[in-house]
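A.B. asks: My questions will all concern the structure given below.
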Amino acid sequence: DPVLYVIATPIGNLGDLSERAIRVLSQVDLIAAEDTRHSGRLMAHFNIKVPMISVHDHNESQRIELILKHLAQGHSIALVSDAGTPLISDPGYILVRSVREAGYQVSPVPGCCAFIAALSASGLPSDRFMFYGFLPAKRASRLRTLNQWADETSTLIFYESTHRILDSLEDMIAVFGASREAVVARELTKTFETIKLDSLASLLTWMQQDSNQQKGEFVVIVRGAPPRIDEEELDKKTLDILALLATELP
Ligand code: SAM
């Protein structure tokens, strides 16, 4: 039966393309790529010779008809984006939704995802997190967005580009406070991979002082706000113990 495969590709290091991804990419009838020139280089590297069409934010809706036609003819298709997992701050959602609604199988070939890679090596709590993706480009809306998460206790994860990394860190300081812990993960899996854990203020100073640190692709992870203790939720006994501790402890 025809399948739409959603295939993760490397975020820098070509060694991260899985064996299964290479096999599936070689065997499908068509590759739908965010940018055919960009993905063409990846395919050339792995000697994959399969016809490609582009599916990006501006033509996704129009491409669906063509892709459904291929599936109807029994052709399997692979969806890839420029880097990492498709649909994660990348196109593909409308396509996957439509292909499912048309009754075809959609199957993932998992692999790289920049924020999962960053989180796994960050040293910040990873049990609960909120992935936001790219913040708004304009300062006012960026501050408004960040403010929604000011009291969030889950770890917060953002994507950022070289153009706005300093501005975004400044805004994060304004909303979360200078001493809130954060991690900047830059150029993951590449030659100049850097992952730094520090306070937001120290991270900003460090980046301002070394312009090399401002280049490349970034994941910014911010520690969640400390949980607030709601006194009404605590029972009498617990409050008595807390009161006792307060008098006994130095
Ligand atoms: N689909 C991708 C994924 O699964 O991570 C994300 C695509 S999004 C258009 C590109 C953004 O992801 C970059 O601006 C950066 O924030 C982040 N990113 C991608 N590759 C990265 C890398 N090697 N190191 C750090 N961040 C990266």
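Every number in this text was worked out from the coordinates using simple rules, so none of it is lab data. Everything numeric here is computed off the predicted structure, so don't read it as measured data. Cβ sites come from the backbone with ideal geometry, for glycine too, and all protein chains shown count toward neighbours.
A.B. asks: Pairs, please: C-beta under 8 Å, at least 6 apart or cross-chain, first residue without any contact (Cβ under 8 Å) to a residue 24 or more places away in the chain and in region 197-223, second polar (S, T, N, Q) and surrounded by fewer than 21 Cβ atoms within 10 Å (Cβ to Cβ)?
C.D. replies: Final answer for the pair search is Ser199/Ser179; Trp206/Gln213.
A.B. asks: Return yes when Leu197 is among the aliphatic types (A, V, I, L, M), out of contact with any strand residue (DSSP E or B) (no Cβ under 8 Å at 6 or more places or on another chain) and surrounded by 10 or more Cβ atoms within 10 Å (Cβ to Cβ) and no when it is not. If you could, list the steps in order and put the result at the bottom.
C.D. replies: Details: among the aliphatic types (A, V, I, L, M): yes; out of contact with any strand residue (DSSP E or B) (no Cβ under 8 Å at 6 or more places or on another chain): no; surrounded by 10 or more Cβ atoms within 10 Å (Cβ to Cβ): yes.
The answer is no for Leu197.
A.B. asks: State the number of residues belonging to region 82-109 that are more than 14 Å from the ligand (Cβ to nearest atom) and crowded, with 18+ Cβ neighbours inside 10 Å.
C.D. replies: Summing the residues that are more than 14 Å from the ligand (Cβ to nearest atom) and crowded, with 18+ Cβ neighbours inside 10 Å in region 82-109 gives 4.
A.B. asks: Taking Ala72, is it among the small types (Gly, Ala, Ser) and either within 30 Å of His163 (Cβ to Cβ) or away from the ligand (no atom under 16 Å from the Cβ) (or both)? Can you show your working first?
C.D. replies: On the way: among the small types (Gly, Ala, Ser): yes; either within 30 Å of His163 (Cβ to Cβ) or away from the ligand (no atom under 16 Å from the Cβ) (or both): yes.
Taking the combined requirement at face value, the residue satisfies it.
A.B. asks: Considering each of Leu79, Leu14 in turn, give the residue that is within 23 Å of the chain's Cα centre (by Cα), surrounded by fewer than 20 Cβ atoms within 10 Å (Cβ to Cβ) and within 15 Å of the ligand (Cβ to nearest atom). Please lay out each step first, then the result.
C.D. replies: Working: Leu79 fails: surrounded by fewer than 20 Cβ atoms within 10 Å (Cβ to Cβ).
Step by step, each of Leu79, Leu14 is checked, and only Leu14 is within 23 Å of the chain's Cα centre (by Cα), surrounded by fewer than 20 Cβ atoms within 10 Å (Cβ to Cβ) and within 15 Å of the ligand (Cβ to nearest atom).
A.B. asks: Is it the case, given these coordinates, that Ala117 is loosely packed, with under 15 Cβ neighbours inside 10 Å and either in a helix (DSSP H, G or I) or within 16 Å of the ligand (Cβ to nearest atom) (or both)? It would help to see each step written out before you state the result.
C.D. replies: Details: loosely packed, with under 15 Cβ neighbours inside 10 Å: no; either in a helix (DSSP H, G or I) or within 16 Å of the ligand (Cβ to nearest atom) (or both): yes.
No, not satisfied.
A.B. asks: If you don't mind, another one. State whether one or more residues within region 220-237 are of a type outside the set (Val, Ile, Thr) and under 30 Å from Ala83 (Cα atoms). It would help to see each step written out before you state the result.
C.D. replies: Our first condition is that a residue be of a type outside the set (Val, Ile, Thr); within region 220-237, this holds for 223-228, 230-237.
Now narrow it down to the ones that are under 30 Å from Ala83 (Cα atoms): 223-224.
Yes, region 220-237 has at least one match.
Let's see how each residue does on (1) of a type in the set (S, T, N, Q); (2) within 30 Å of Phe192 (Cβ to Cβ):
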residue	(1), (2)
Thr9	yes, yes
Ser26	yes, no
Ile48	no, yes
Asn59	yes, no
Lys69	no, no
Gly92	no, yes
Tyr104	no, no
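A.B. asks: Output the residue which, of all residues in region 32-52 that are more than 16 Å from the ligand (Cβ to nearest atom) and in contact (Cβ under 8 Å) with a residue 24 or more places away in the chain, is surrounded by the fewest Cβ atoms within 10 Å (Cβ to Cβ).
C.D. replies: Out of the qualifying residues, it is His45.
A.B. asks: Another one. Only one of these conditions is not met by Ala174: (1) within 16 Å of the ligand (Cβ to nearest atom); (2) within 23 Å of Thr205 (Cβ to Cβ). Which number is it?
C.D. replies: (1)
A.B. asks: Follow-up question, since we're still on this one. Looking at region 74-101, which of its residues are assigned to a strand (DSSP E or B) and on the phi > 0 side of the Ramachandran plot?
C.D. replies: Listed by number, the list holds a single entry, Gly84.
A.B. asks: I've got another one for you. From (1) more than 10 Å from the ligand (Cβ to nearest atom); (2) among the charged types (D, E, K, R); (3) part of a strand (DSSP E or B), pick out the condition that doesn't hold for Asp151.
C.D. replies: It fails just one condition, (3).
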